[in-house]
1. By how many degrees, 0 to 90 and rounded to 10, does the Cα axis of helix A:181-200 deviate from the longest principal axis of chain A?
2. Mind ranking B:128-134, B:30-36 by how tightly packed they are, going by the mean number of other C-beta atoms within 10 angstrom, highest first?
3. How large is log10 of I(q)/I(0) for the range A:77-199 at q = 0.16, 0.18 Å⁻¹ when the intensity is taken from the Debye formula with one equal scatterer per alpha-carbon?
4. Could you tell me the ratio Rg/Rh of chain A? Both radii from Cα atoms, Rh via Kirkwood.
5. Report, in whole Å, the centroid distance computed from the Cα atoms of the range B:33-59 and the range B:142-199.
6. By the gyration tensor of its Cα atoms, with a ≥ b ≥ c the square roots of the eigenvalues, what is the shape of the range A:91-149: rounded for a/c under 1.5, prolate for a/b over b/c, or oblate?
7. Quick check: the angle from helix A:393-425's long axis to the longest principal axis of chain A, C-alpha only, nearest 10 degrees?
8. For the range B:28-37, just list the computed ³J(HN,Hα) in residue order, Karplus coefficients 6.51, -1.76 and 1.60, θ = phi - 60°, integers in Hz, with x standing in for Gly and Pro.
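Bear in mind that the values in this text are calculations on the coordinates, not laboratory data. In this text, all values refer to a predicted model and were calculated from it rather than measured experimentally. Here the Cβ positions follow ideal geometry from the backbone for every residue, glycine too, while neighbour counts run over all protein chains shown.
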Amino acid sequence: MSAPQSNTQNQSPYSSANEAVRAELSVIDASIRSAALFFVISAITWLMIGTVFALLTAFKSHDPDFAGAYEFLTFGRVRSAHLNAMALGWGNNIIFAVGLWIMARLCRAPINHKGILLIAGVFWNIGLTVGIVGILMGDLTSVEWLEIPHYATPLLAISYALIGVWGVMAFRFRKGDHVYVSQWYILAALFWFPWLYVVAQIMIIWFPARGVVQSVTNWWFAHNVLGLWLTPMALATAYYLIPKVLGRPIYSYYLSVLGFWALAIFYNWAGVHHLIGGPVPVWLISAGIVASIMMVIPVIVVGINHHMSVVGLHKEVWRSPTLRFIVFGAISYTLVSIIGSTMALRTVNEVTHFTHFTVGHAHHGVYAFFTMIMFGGVYYMMPRLLKREWPSATLIKLHFWACALGITIMVVALQVGGWIQGLEMNNAEIPFIDTVQNTIPWLKARSVSGLFLTVGHIAFAINFFWMLFAAGAVRAKQGPTLLDDSKEGGAA
Amino acid sequence: MKNLPLLFCGIFFALAFSFVGLILSSHIQLGSLTQTTETLVPSDADETVLVMVEGDPLYPAQPVGFAQQGKDVYISMGCIYCHSQQVRRADFGADIDRGWGPRQTVPRDYILQDRVLLGTMRTGPDLAHIGGRPLNADWHHLHLYNPQITSEGSTMPPYAFLYETREIDGAPSADALQFAVDSEYGPDAGYEVVPTRRAKALVEYLLSLKINYSLPEAPILE
């Protein structure tokens, strides 16, 4: 045999060697197909809308007259429209697609009453559309991460509840004894998100708590949207797909237990580090800082576990569209979390707080980590839902390189520029306008990075809709779409 | 993992722990803060109990109606995404050195606000004490109409849509913006720029933002 040895060799493109297992997965995939497709299409649509808002925001930040005559496009509103379109439009829809699909597969439980799931999904997107239009019309709340106006949030909360309960139901009717690490993360996140959202809505918008208790609640919520919603969903996806594609189990069960519980216990205290130096009791801030530093434990543990699971198979990782994105995301998770813990230290925070450094950090987490992993998830899920392959490997490569380069440029530009901005802001001898002027080159670099990301998103969308609609151009017979031309076979 | 009750309990208590520790406990500590006088005096000979000074004004002061309408404009424009409203203590950052306030702000400063706008970004300067700085309403109107007029090189967006450019009908309006004679931003001859009600409310709000009072826990030191 002349082909090099490989764990993925001789495997079916649909990953499982056992035909009975494949048949079962196929039934499950069929049961969630329509809902998952709806969520992916919605997610990609919001991704494109969010990209437009992102570009507007980026251009306006260094060229304030850009579209400056229109009230509904003023900076504060397009920025908020961007955040909510991305977090609740792209983020939540793609979680509903990938997360529920993984949950159903791992529970070996087909989704019943999928019509209700679909209707709830429609209402989620209607609620979000009303919310984003409301933001542009000036009804935004100016509460960070909760900008959606009060008349749209009940619809969002109800439709979320109807969607989230499907994950819990799949878990309730699971087959088999073993519960895999991805299921813990998804189950926990499905439970945490509504709690956070409802408490924040009640204590800030509906029945405002007194004074800065609102701010504490705000950052408890906002940071946990990242930590207890986006992060566990992305980690669940990575934990599911790395072994799936590579065909070998995750490195250590015990490390995955430790990583999960350390995240569950520490992450949700960390949010108050956004208020360091602010008018809140020092003990609260200290608790937040301690938790932020303790986050090093789950991050290192998960990092080791993921790294050891792919070590030695780097060629397969590079060849698989799924893993190329997921490994990029997993590496970013380690980096962004270590930087985040460092930023919580008072001496570091004194510089980075109130600057573009934080904006760079947020994109590092939500994009380089979460979004890249979700792209990987879509690349794996779609061929199994549609029984077709991705039409173009070139577009996948373009997607990867544009996004990888784009987000790297963005994070570096905003964090270097933000650090300089912070040092200058803390020196009262430098006029404030100079601190503004000196960020402009870095903000222009951010706009360039935005163009890169836009190219990547367009490539992704073209490939996706091509696959969806060009039914005649299927290439499933040829095996999965891989990113180099070697004829070894293997799973995507 | 097979012990599902443990899994559920863990998931529940993990978040319950931080909810109680951060949200409920800060509500217990801060939720009943009230207005107070600038200083406190002992109520008895032992000097163990401090009470408010009778007849002194209470702080923070109640917000005024028109300024509150301006706050709604501030919220609807998303000003918070570039402007914070919090002053950090003297040896942490340069907030006080930059003249952003005479003292650090404390939880009591915010108790009468139905929406607290602390902010986390300073693309522009902090505004907690903007009304206490030597900038009058005329300056604010010019600055909002087009920030380049008063702060050249600023990246703040223009809010010209809060102003109305109209033909001068008879005598110029009393509240028309006062452009410099050679200003490139002024209206054409025969026209004037007047603030809408929203612009006036917003400026009223900005002028109302002042940390010009002491609190027992945060006195203004001379």
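1. 30
2. Descending packing order for the listed peptides: B:128-134, B:30-36.
3. -0.76, -0.91
4. 0.96
5. The range B:33-59 and the range B:142-199 have Cα centres separated by 47 Å.
6. Note, shape of the range A:91-149 comes out prolate.
7. Once rounded, the angle reads 20 degrees.
8. Rounded to whole hertz, the list is 5, 6, 10, x, 10, 4, 10, 5, 8, 7.
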